[in-house]
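Have a look at the structure below before the remarks.
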Amino acid sequence: MRTALAVLSILTIAGCAEVQQLAQDTLDGARPTTYETGQGQQVRFALGAVAFADRVDRFAPTRELGVAYSDARQAIGPPDYDTDRCPSGDECYVSLTSGGVAVFEFTNNTLYDGPGDDIAIFEIGPDVEATSVEVSVDGRDYIDLGRVEGSSATLDIGGRGLEGAQYRFVRVTDDAGQGDAGGRTPGADIDAIGAIHAERR
């Protein structure tokens, strides 16, 4: 009888812990969520809002824009571009500028190489302006994943890095030879960067 009660007690405690974790994940936004990219792709993120970049590590535009979309922090968190809420684009995304570079960091999760594509770059606007994408474990040594352009917004790490590596940094560089170098929002317009395959830290 005592053994049965002990087992029941353990199961109850474990169940409560799972419920508490579920409740915390819900508060944190760590619920599986599907987002649509600017190219019309439906991308599912197992960690929901938690799967997106949390911090700007570095931003090096090639020229000053002097407007809200020159703030790289607008690309932090899940995609939030909405033409009704932000008709002028203010406070919704960052324009990299022609040839500009931005480095983002995941602080509460890490990106890893899983089945299929691993990372999604949410680039908005009527034209998809090409961007090269690299990832890094430590923010120093980067692995080139290729380019986001045309109809696809996702890339596969595809065994390019070390087996089991956990990536925290993503570097995106606008292709200066493609797209409009002038205007109010030159270069790729980044709304969000998400880890499709992510692990909580």
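Observations on the structure shown:
- Segment 104-148, residues that are within 16 Å of residue 59 (Cα to Cα) and of a type in the set (D, E, K, R): 105, 134, 140
- Whichever residue in segment 95-126 is assigned to a loop (DSSP other than H, G, I, E, B) and hydrophobic (A, V, I, L, M, F, W, C) and, among such residues, is nearest to residue 55 (Cα to Cα): 106
- Qualifying residue in segment 29-39 (condition: of a type in the set (A, V, I, L, M, F, W, C) and at pLDDT 90 or above): no
- Taking segment 51-82 as the range and being surrounded by fewer than 18 Cβ atoms within 10 Å (Cβ to Cβ) and either assigned to a strand (DSSP E or B) or not assigned by TED's automatic domain parsing to the domain that holds residue 187 (or both) as the test, the residues that pass are 55, 56, 57, 58, 60.
- Exactly one residue out of 48, 116 is in contact with a Lys or Arg (Cβ under 7 Å, 6 or more places away or on another chain), within 25 Å of residue 157 (Cα to Cα), in the same structural domain as residue 157 (by TED's automatic domain parsing) and at pLDDT 90 or above, and it is 48.
The values are calculated or read from the model by the stated rules, or taken from the named source; none is laboratory data. Please read these numbers as outputs of a predicted model, since none were measured by experiment. Quick reminder, even Gly has a Cβ in these numbers, built from the backbone with ideal geometry, and neighbours come from all protein chains shown.
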